[in-house]
Amino acid sequence: MSGPSCPAAHVVHDRSWAGELRDAVLCGVLLFGALVLLDLAFVGLTAVRIFWWAGLSVLLWVVLTPPRVSVEDGELEVRGLVTRHRACTDRLVAVWMAEGVTQRLVLVDTTGSRLELDPRILAANPLLWHRLEQGARRSLESGTLRCGMPVLERLGRRIDGEVSRGIVEASGLD
């Protein structure tokens with residue numbers, strides 16, 4: 001799903017995405033290696049079994065691959081392996097926290113574009129959070145954001161607390 005095109009600017013990416021992608025690939029490779037070694041030791045390896053073990057390993061990699069989150073002035077993008085969702089943060093209409101197994105922050109803009117992302121990504125990347133918050137404030141000022149600012153304020157307090165704790169711990173003042 002592709003959303004509106006917003007003005008281009010300096011792009012900020014999720015800093016932990018590359019490491020998480022590397023971990024997902026490593027898990028897939030390790031699973032493949034372990035399955036092949038076990039099969040070779042106990043049953044006898046065949047081409048068909050190598051194919052099945054490779055498929056299972058690729059499936060694990062697909063499941064573990066994190067979405068790539070980036071933000072430009074006015075636009076937030078969440079890109080999965082086959083999906084791409086965008087929302088203009090300076091034209092938000094609604095924001096809410098979807099509860100479930102994991103919390104998801106849901107953003108909807110004036111064009112109907114909708115995206116979901118894990119709020120932990122924003123907590124781990126203060127620059128992403130800052131850009132989203134700026135855009136939401138512009139939406140509030142322009143009158144398009146009708147519901148959800150309290151959700152963003154609670155999330156902001158949580159992120160600020162985590163960043164503050166990290167600074168205190170890093171400086172050794174705890």
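For the Cα atoms of the chain, what angle does the longest principal axis make with the long axis of helix 17-42, in degrees from 0 to 90, nearest 10?
For helix 17-42, the angle is close to 20 degrees.
For Rg and Dmax of the Cα atoms in Å, which listed value, [x] 20.4, 67; [y] 17.4, 55; [z] 17.2, 48, comes from the coordinates shown?
The calculated read-out lines up with [x].
Which whole-Hz ³J(HN,Hα) couplings does the range 100-114 yield from phi under the Karplus relation 6.51 cos²θ - 1.76 cosθ + 1.60, θ = phi - 60°, glycine and proline marked x?
x, 4, 10, 6, 10, 8, 10, 10, 10, 9, 5, 8, x, 5, 10
Rounded to the nearest percent, how much of the accessible area of the chain (1.4 Å probe, protein heavy atoms only) is carbon and sulfur? Let's see the in-between values first.
Numbers: 6470 of 10200 Å².
Its accessible area is 63 percent carbon and sulfur atoms.
Place +1 on the Cβ of every Lys and Arg and -1 on the Cβ of every Asp and Glu in the chain, take the dipole about the Cα centre, and give the residue among Gly74, Leu30, Leu56 whose Cα lies farthest towards its positive end.
Leu56
How many Å² of accessible area per residue for the range 26-174, probe 1.4 Å? Provide the component values of the computation, followed by the final result.
Numbers: 8540 Å² over 149 residues.
With all protein chains present, the range 26-174 gives 57 Å² per residue.
What's the magnitude of the charge dipole for the chain around its Cα centre, counting Lys and Arg as +1 and Asp and Glu as -1 at the beta-carbon? Answer in Debye, nearest 20.
Numbers: 19 positive and 20 negative charges, 63 e Å.
For the chain, the charge dipole is close to 300 debye.
If each of Leu127 and Ile167 carries a label point 7 Å out from its Cα toward its Cβ, how far apart are those two points in nm?
About 1.8 nm, to one decimal.
Please name whichever of Cys88, Leu173, Ala136 sits farthest to the positive end of the charge dipole of the range 85-174, dipole taken about the Cα centre and charges placed at Cβ: Lys and Arg +1, Asp and Glu -1.
Cys88
Just subtract the alpha-carbon distance of Leu38 and Glu153 from 0.36 nm times their residue separation and send over the number in nm, one decimal. Each step should come with its number before you reach the end.
Details: separation 115, 0.36 × 115 = 41.40 nm, distance 5.16 nm.
That pair, Leu38 and Glu153, stretches by 36.2 nm at full extension.
The values are calculated or read from the model by the stated rules, or taken from the named source; none is laboratory data. Quick caveat: nothing in here was measured; it's all calculated off a predicted structure. Cβ coordinates were reconstructed from backbone atoms using ideal geometry, including for glycine residues, and neighbour counts include every protein chain displayed. For the accessible areas, the whole protein counts, side chains as well, though only heavy atoms, and no ligand, DNA or RNA atoms are used. Shrake-Rupley method; radii C 1.70, N 1.55, O 1.52, S 1.80 Å.
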